[in-house]
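Have a look at the structure below, then the notes.
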Ligand SMILES: C[S@@+](CC[C@H](N)C(=O)[O-])C[C@H]1O[C@@H](n2cnc3c(N)ncnc32)[C@H](O)[C@@H]1O
């Protein structure tokens, strides 16, 4: 996608259609997984009573297929080009929320990083994630946490994997746990975004940084936003985008939630967020939110 607003109608139209191809692709995986359950495994009622398991498996397959060409590409393009400059600034103890297949791992090999925790609830992606960590030479630094980002899941999983990681936090929660938290195309999928962003804020160490690359609701009321793209987002949501694409929502005010997350301490030390592709059905924010030091 062209980061600047495209001149031609065709380019703008393509920006509206982009999610339809992804939705179609993900939906074909879902129906394939359903038909395998029914016709190959004989689980005739699985599409009714095991929907969540089938969706998880289908999303895992879709995301592996979707990620592969991006991992092999020489240069990232479109929204993927926003990620490397940010993630290369990661340091200390890093939490990567929803790492998927580990597409971002090559950006996390700097010596400033001591440990990486990838909190990934989709079990269908874990073997790919572990394989990637080993092939990137991060086997000893990278810990796959089989959980979602909600604190009630994350903290027990972290405590089981690395009890010492919580030592300071258990004595004084203000000490936080992570130096860097990565939110790359994931806040669109978490069940309770406002609660999640507040919890992530509380898990940052003082002076810690939240690095964000997220697609967001189209800011259609602004000069750079697009009413047509906002309508397209609503249409995709109505047609089942969320169901097929791992609970992803196209219409979240992620920037608002992130800014509010630090309200308990009177705000962030600094917020450096930029907006991109505001004319399209997948506009993005990217940047850094830094927590105040003690
Ligand atoms: C669109 S993919 C992005 C993957 C990866 N961050 C990337 O940029 O390649 C969204 C990921 O978030 C994960 N996810 C969904 N709900 C989550 C939750 N509640 N907590 C953590 N991860 C979640 C999904 O399983 C999926 O791997």
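Read-outs: derived from the displayed coordinates by stated rules, not from any lab. Not measured: the values here are computed from a predicted model. Reconstructed Cβ throughout: ideal geometry from the backbone, glycine too, with neighbour counts over all protein chains shown.
Points worth noting:
- Semi-axis lengths, largest first, of the ellipsoid equivalent to the chain are 29, 26, 18 Å, with √(5λ) applied to each eigenvalue of the Cα gyration tensor.
- Listed residues 121, 69, 191, most fluctuating in the chain (Gaussian network, C-alpha, under 10 Å): 69
- Calculated [θ] (222 nm, deg cm²/dmol) that DSSP helices of n ≥ 4 give over the chain, each run adding -39,500 (n - 2.57): -12000 deg cm²/dmol
- Among 93, 38, 190: highest mean-square fluctuation, GNM of the chain, C-alpha pairs under 10 Å: 38
- For the peptides 52-60, 275-283, the ranking by mean Cβ contacts within 10 Å, running from highest to lowest, is 275-283, 52-60.
- DSSP bridge orientation in the chain - percent antiparallel, rounded to nearest 5: 40 percent
- Calculated SAXS-style log₁₀ I(q)/I(0) at q = 0.14, 0.21 Å⁻¹ - region 109-155, Debye, Cα scatterers: -0.35, -0.73
- Gyration tensor (alpha-carbon) shape descriptor, region 1-141, a/c threshold 1.5: oblate
- Comparing mean-square fluctuations of 167, 150, 175 from a GNM of the chain with C-alpha springs under 10 Å, the top value falls on 167.
- Ranking of 254, 28 by count of other Cβ atoms within 10 Å, fewest first: 28, 254
- Cubic angstrom per residue, convex hull over Cα atoms of region 194-294: 99 Å³
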